[in-house]
Amino acid sequence: MNSLYFAQYLVNEGALSSQEVKELLCQSEKTEPGLAVIALAEGAVSASKLAELMPFEKDSFPKLAVAEGVLFASQVEKLQGVRSTDGLKPAQALLDSGKMDFVELGRQMATCGSSEGSPIKDAVRRFAEDNEELAAEVEYYADFTELFMRSLMRFMDTTAVVDSCDSDCEELFASHTVSQRLSGAVSFVSGIYANDKVFVEMAKRYSREPIEEADEMAEDSVAEFLNVVNGLFVVDLGKRDFDLDLETPRVGKNTHPMGSHQLRMCIDTGFGSFALVLAADEFTLKE
């Protein structure tokens, strides 16, 4: 199972509401997946067998599994060496909160693992499906968003999803905008639109510096993150023989992005929500 996008799969399938996913991601920040969840994701033990062993504490599972003959000691040792992704944190949080038991969690994991395509790209296509003017851009937007989300999780140590809610919540996003144009064989502008609190947290997580205010250092940090993501996207398109250039990132304050062929998506993380904005031209910023 591609656990990195498990939470996104649950959102896409309607298993979690917009409010529930926000709560789940916050809970995920405070937990680590136990060996039982890792074993389930790796296919080392069935959900029904885990259900039979319940109740047990997360940390007691390794000894319990060996004592009950569910796993060999060598299997436990191997599973303990598996590098757990942030994507499994929501799975553990679902168990801890009682929203799912092992049987339901196992069913959802199995369905997620057998599904084709990308949950992130599917979410982008759903956002864009009612907007005919995005027909030419939607696949590039979907490719970019998947890379953006993967980079967000990697560099900012958080699980994140493209939310199914309407992102028209100005009170959440009306403080800072960082954008950057990609031009060449494919041309569009990508941007991050966030309130001060989330903007500062993004800067702090990416830079690993004790940034406390939405100052120039914070702006530089978020702009550098966006530049890195766009750079990776340029490399990916270069493998298809597409030549692209990156312009210098731009920063706006207390403005609303208004570009043509624009797609604005609500991104939920464990530290808050912001908007990812994609448009055909540089955002027209309106006070």
FRET E, pair A280, E224, Förster distance 25 Å, beta-carbon r, rounded to 0.05: 0.55
Charged-residue dipole, Cβ positions (Lys, Arg, Asp, Glu), the chain about Cα centre, Debye nearest 20: 960
In a GNM of the chain with a 10 Å cut-off on Cα contacts, which of S118, S18, S60 has the highest mean-square fluctuation? S60
How big is the accessible area of Y5 in square angstrom, nearest 10, if you roll a 1.4 angstrom probe over the protein chains? 10
Out of Q80, V198, F242 - ranked by how far each Cα lies towards the positive end of the dipole of the chain, with unit charges on the beta-carbon of charged residues - the top one is Q80
log₁₀ I(q)/I(0) of the chain at q = 0.13 Å⁻¹, via Debye over equal Cα point scatterers, no solvent, to two decimals? -0.89
Length-normalised contact order of the chain in % [C-alpha pairs under 8 Å, at least 6 apart]: 21
Over region 39-150, what is the relative contact order in percent, taking alpha-carbon pairs closer than 8 angstrom and at least six residues apart? 24
Hull volume per residue for region 234-287, using the convex hull of the C-alpha atoms, in Å³ is 130
Placing +1 at every Lys and Arg Cβ and -1 at every Asp and Glu Cβ, with all other atoms neutral, what dipole size does region 21-89 have around its Cα centre, in debye to the nearest 20? 80
Provide the descending list of Cα extents for region 135-287 along its principal axes, expressed in whole angstroms. 42, 30, 28
How far apart, in nanometres, would the label points at F56 and N254 be if each is projected 7 angstrom from Cα along the Cα-to-Cβ direction? 5.8
At R0 = 22 Å, how high is the FRET efficiency between T111 and R83 if r is their beta carbon distance? Nearest 0.05 is fine. 0.40
Measure off 7 Å from each Cα along the Cα-to-Cβ vector at V103 and S187, then give the distance between these two points in nanometres to one decimal. 5.8
Do you know the relative contact order of region 194-241, to the nearest whole percent, from alpha carbon pairs under 8 angstrom that are 6+ apart? 30
Point-to-point label distance, D241-C26, nm (Cα→Cβ direction, 7 Å offset): 5.2
Which of the pairs K89/K197; K58/K78; K22/K89 have their Cα atoms more than 21 Å apart in this structure? K89/K197
With a 1.4 Å probe and all protein chains left in place, how much accessible area per residue does the chain have, in Å²? 46
Please list the three semi-axes, largest first and in whole Å, of the ellipsoid equivalent to region 1-131, using sqrt of 5 times the eigenvalues of its alpha carbon gyration tensor. 29, 15, 12
Could you look at the chain and say what percent of its accessible area is carbon and sulfur, using a 1.4 Å probe and all protein chains? 47
Within region 186-203, list the residues whose amide N lies under 19 Å from a label point set 7 Å along Cα→Cβ of M217. 196-203
Local electrostatic count, L50, Cβ distance below 12 Å [Lys/Arg +1, Asp/Glu -1]: -2
In vacuum, with every alpha carbon of region 55-124 counted as one equal point scatterer, what does the Debye formula give for log10 I(q)/I(0) at q = 0.18, 0.23 Å⁻¹? Two decimals, please. -0.93, -1.25
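The values are calculated or read from the model by the stated rules, or taken from the named source; none is laboratory data. None of the values given here were measured: they were computed from a predicted structure. All Cβ positions, even for glycine, are placed from backbone atoms using ideal geometry, and neighbour counts span all protein chains on display. For accessibility, only protein heavy atoms count, side chains too; no ligands or nucleic acids. Shrake-Rupley method; radii C 1.70, N 1.55, O 1.52, S 1.80 Å.
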